[in-house]
Amino acid sequence: MRAYDFIENRLQCLVEHFPQMKVSYEFDGFSNSHFIEVLPSNEFRENLEYSKYETNLIIDFISEFPNEEIVFVTKNDLMTIENPLFIKKGSLYENKPLFWNSITWSNNSILDFNLKFKRFLGNNISSIDLANAGVVSFDSDSIIISPLKEEPVDLIVNSDDFALAA
Amino acid sequence: MSGWKLKSEKNIKGAELLIKNSLCSSSVHCSYYSNVQLMLHILFTDFGKSESEIETEAKQGSVDENGYHNWLKNTITRELVTRDFMIVRDFNNFFGQLKALRVKGDYKNSLINESKAIDAVSFSKNINQILEDKFRV
């Protein structure tokens, strides 16, 4: 099996295992390195389960193809992917709802929702077109807001790690 | 202190001086070699290999693993797996990126800007820190 096939197979498994992620692949012939850009960058940096998965992939690759290199990068890294040979997106990557974790202030779910929503707006959003947004669900830990399917929601989010559904 | 360790330290200083003097493309070479030299030092101190053993193994490793640097990185990585599994990806990805940037700086018909050169120093320092934390240096 060629290194390319190995990588393509494993990255397919990766986005199935982590459907919120997207990977882009590029080969750098000068350094004989296979580059994989992983997004969102916060998942790349903070998701422990993903870190273990990636580490195992690196170890397997080195053992199978010691002549070549595999390098995982993310946004704002030293190297960037400019001309990807392929891109694989997890099923939740593009349609990932906007969500955030919060705490519960009271047993009144509507009050909690309002407080969380206000806090969220203050922290994360400069403007939101509420006419086109629909609240899908919320519970004690999180609120999930998805846009109506017919119209894209005009969201301006301070952190560009949030994938915008549209 | 071995010659490798001393050269590793000088190369980081060299990279910073080159950037200060606007020689950014040349600086990446120094940042990268600081890591290579510290890895050689680790084979000498932590792995307990003599210079001639390193030379012999490197010669064979270069054939088996597509070059001296690849062999060196793989040798360190295999040991790192046993010492701290979770740090392997940082070591692999930092070094892989720095290596690619160094190849670009040395061989490609494009220049490295100051921002990238500064990042390269930072990557190199991070790699050296991982090595210092996990191996006897």
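The values are calculated or read from the model by the stated rules, or taken from the named source; none is laboratory data. What you see is a predicted model; the values in this text were computed from it and never measured. Cβ placement follows ideal geometry from the backbone for every residue including glycine, while neighbour counts extend to all protein chains displayed.
Points worth noting:
- A residue that is under 19 Å from B:ALA120 (Cα atoms) and crowded, with 18+ Cβ neighbours inside 10 Å occurs somewhere in segment B:71-81.
- Residue in segment B:26-33 that is closer than 24 Å to A:PHE44 by Cβ and of a type in the set (Ser, Thr, Tyr) present: yes
- Complete set of residues in segment B:84-137 that are surrounded by fewer than 16 Cβ atoms within 10 Å (Cβ to Cβ) and touching a Ser or Thr at 6+ places or on another chain (Cβ under 7 Å): B:PHE85, B:MET86, B:LEU111, B:ARG136
- Checking A:PHE18 against (1) among the hydrophobic types (A, V, I, L, M, F, W, C); (2) surrounded by fewer than 18 Cβ atoms within 10 Å (Cβ to Cβ); (3) modelled with pLDDT of 95 or more, the condition it does not meet: (2)
- Condition check for B:LEU101: more than 8 Å from chain A (Cβ to nearest Cβ) and of a type in the set (A, V, I, L, M): no
- Per-region count, segment B:90-137, residues over 13 Å from the mean Cα position of the chain (by Cα) and either outside any helix (DSSP H, G or I) or hydroxyl-bearing (Ser, Thr, Tyr) (or both): 11
- Residues in segment B:12-33 that are surrounded by 24 or more Cβ atoms within 10 Å (Cβ to Cβ) and in contact (Cβ under 8 Å) with a residue 60 or more places away in the chain: B:ALA15, B:SER27, B:VAL28, B:SER31, B:TYR32.
- Leading residue by the ranking (farthest from B:ILE118 (Cα to Cα)) among those in segment A:68-84 that are within 11 Å of another protein chain (Cβ to nearest Cβ) and not aliphatic (A, V, I, L, M): A:GLU68
- Filter result for B:GLU79 (of a type outside the set (A, V, I, L, M), closer than 18 Å to B:TRP4 by Cα and part of a helix (DSSP H, G or I)): no
- Filtered residue count, segment B:71-89, keeping only those that are within 13 Å of the chain's Cα centre (by Cα) and more than 9 Å from chain A (Cβ to nearest Cβ): 3
- Scanning segment B:42-81 for residues that are over 24 Å from B:GLU9 (Cβ atoms), without any contact (Cβ under 8 Å) to a residue 12 or more places away in the chain and small (Gly, Ala, Ser) yields a count of 3.
- Condition broken by A:LEU14, with the remaining ones in (1) of a type in the set (A, V, I, L, M, F, W, C); (2) at the interface with chain B (Cβ under 8 Å from one of its Cβ atoms); (3) within 13 Å of the chain's Cα centre (by Cα) satisfied: (2)
- Extreme residue, farthest from B:TYR107 (Cα to Cα), among residues of segment A:28-67 that are of a type in the set (D, E, K, R) and facing another protein chain (nearest Cβ under 7 Å): A:GLU54
- The set of residues from segment A:32-50 being surrounded by fewer than 19 Cβ atoms within 10 Å (Cβ to Cβ) and under 14 Å from B:ASP90 (Cβ atoms) comprises A:ARG45, A:GLU46, A:LEU48.
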